[in-house]
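Where a number appears in this text, it was derived from the coordinates with a stated rule and is not lab data. Nothing here was measured: the structure is a model prediction, and the numbers come from that model. Cβ coordinates were reconstructed from backbone atoms using ideal geometry, including for glycine residues, and neighbour counts include every protein chain displayed.
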Amino acid sequence: RQTVDSPSLNEARETLRRVWGHHDFRGLQAQVITEILAGRNAVAVLPTGGGKSVCYQIPAMLRPGLGLVVSPLIALMSDQVASLRQSGVAAARLDSNIPPQERAEVWRMIESGELDLLYVSPEGLSGGNLLERLTELRLSVIAIDEAHCVSQWGHDFRPDYRLLGRLAQHFPGVPRLAVTATADARTREDIRTQLSLEDAAEFVDSFARPELILSAERKDGSAHKRVVELVKARPGKSGVVYVGSRDGTEALAEKLLEAGIPALAYHAGLDKDVRTQRLEQFLEADAAVMVATIAFGMGVDKPDVRFVIHADPPAAIEAYWQEIGRAGRDGLPADGITLYSPSDMAWAYRRLDGRDMAPEVKQVQARKVRQLYAMLEGMACRALSVRRYFGEDVSEPCGQCDICLAPPESVDVTEPAQKALAAAHRLGGRFGRGRLVSHLLGTTKEVSDFESGLSTWGIGKEFSPQGWRDLIDQLLFEGLLKEDPNDGRPLVGLGDGEAVRLVYRGERRVALRKQLEKLD
Ligand code: ADP
Ligand code: ZN
């Protein structure tokens, strides 16, 4: 139990000024720091670039004891440690890459109480005797970075993160802070349970990026021509074009060069020196176009990126927001343009099928693919869709995305939506999406008397299974239906009660961009 007086927010602000030279806290930083300084747990969801690190770095410096930071990426860790040291903060990392001699020196500093911040990886913490040795020390704060990795509902599940739940028992009384840039409501809930943070205050900053002008369009084939057009329409501007494959980056960069555009290709298959050199070229250029795989991104901080184009769609909405978010860092308007096709979606599913991961993780990933395409194909303001996806309770359209400026033609599907909602209601949230479809069609195999006795049994014979799946995806996306994880076998139940009632009464319409596929 802490007995010393908590350091104050004023001291924290002085530290921010002295060490980082920032004038004041921004966003929710002050609130998060106050919580930790008072010795309480917190969960903080702050957008990328929002300044998550000082939320634990400052308490680690001000509270007595060693601050422990668990971070999944060695590259990120060494960056952070290097820049902290440059600013005169006593920080170090312990991971598998640290040679024995340095390791001994780090331990000497830990044990003499010189060190303020120790960075470790989750694997590092679970292997060897690191954890044991740490339990003998006084810790000031435990920070779990990229906390969404603990959840199967996050987009980057890492089994090693599950072990971090134990930190609560090992270090009672030490405030713990889970931080991430991406966590929808379900992932946040999971973070709390998995990391024993049930009592933690939750801080969710807005994901709004009003400077981003979003659009998405269907593409034909490889989209090279369209990308060249889009880039040519933005002469003298810097941008990033994301491409799904390494070969693709080279091919498209070539096409852009032929069109007289200063383009560079970037992917993980290139020599490290070549990569560094191209990155520097891009950062320094007034106008350059980086054609890259997603290997390009971490640590790229170019304020005047005026457009991000996805020539191939991102993996999920989390990735979409992160990648698009590299545009407009200076706060000036920037475009986020996504090109996609049904075959991209099919490919995304196929690729998941081939991957070696637990079935329940695979299902979550598949759901994320569905949600991404529901957004791309959808009828709702892009910015609003994304922010709601991240759990923000907002309803004001952005007024500048393609949907807001030119609402696409749509088909009213309110009536079939009512049927699907009624069926989900009657089935009581006990079944998944496939069963809901077979129920509507009246094709459930070995149907129980209970199910065939329901008034919704077989009421949807007009549409094909695909038609119903499309509609259910849309309803899920709009929050009219919701999926319950159920250990990887998601169950579909009714979503927001008030919204569902409005649809039942016909006061809220449901629209789809395309006609539902009919059964012949
Ligand atoms: P995140 O991890 O949330 O993406 P970082 O912690 O790396 O963000 O911070 C992003 C940048 O914002 C860093 O350059 C950091 O120094 C800066 N920053 C953090 N807090 C503030 C602040 N209160 N005022 C101005 N800049 C800040
Ligand atoms: Zn909009």
Would you kindly work out the equivalent ellipsoid of the stretch 437-518 from its C-alpha gyration tensor and give its semi-axes, the square roots of five times the eigenvalues, largest first in whole Å?
21, 17, 14
Separation of alpha-carbon centers, the stretch 171-194 and the stretch 139-169, rounded to whole Å:
7
Relative to the longest principal axis of the C-alpha atoms of the chain, give the angle of the C-alpha long axis of helix 100-111, reported between 0 and 90° and rounded to the nearest 10°.
80
How high is the FRET efficiency between residue 129 and residue 412 when r is their beta carbon distance and R₀ equals 60 Å, given to the nearest 0.05?
0.40
Which one of 305, 19, 46 is farthest out on the positive end of the charge dipole of the chain, using unit charges on Cβ (Lys, Arg +1; Asp, Glu -1) and the Cα centre as origin?
46
Within a 10 angstrom radius of the beta carbon, how do 272, 255, 225 rank from fewest other beta carbons to most?
272, 225, 255
Can you give me the distance in nm between label points at residue 104 and residue 462, each placed 7 Å from the Cα along the Cα-to-Cβ direction?
8.0
Can you tell me which aspartates and glutamates have their Cα less than 15 Å from the Cα of residue 272? Leave out same-chain residues fewer than eight positions away.
280
Once you sort the root eigenvalues of the Cα gyration tensor of the chain as a ≥ b ≥ c, which label holds: rounded (a/c under 1.5), prolate (a/b larger than b/c) or oblate (the other case)?
oblate
May I ask for the angle, rounded to the nearest 10°, between helix 185-194 and the longest principal axis of the chain, with both axes built from Cα atoms and the value confined to 0 to 90°?
50
Which angle from 0 to 90°, rounded to the nearest 10, does the C-alpha axis of helix 342-354 make with the longest principal axis of the chain?
60
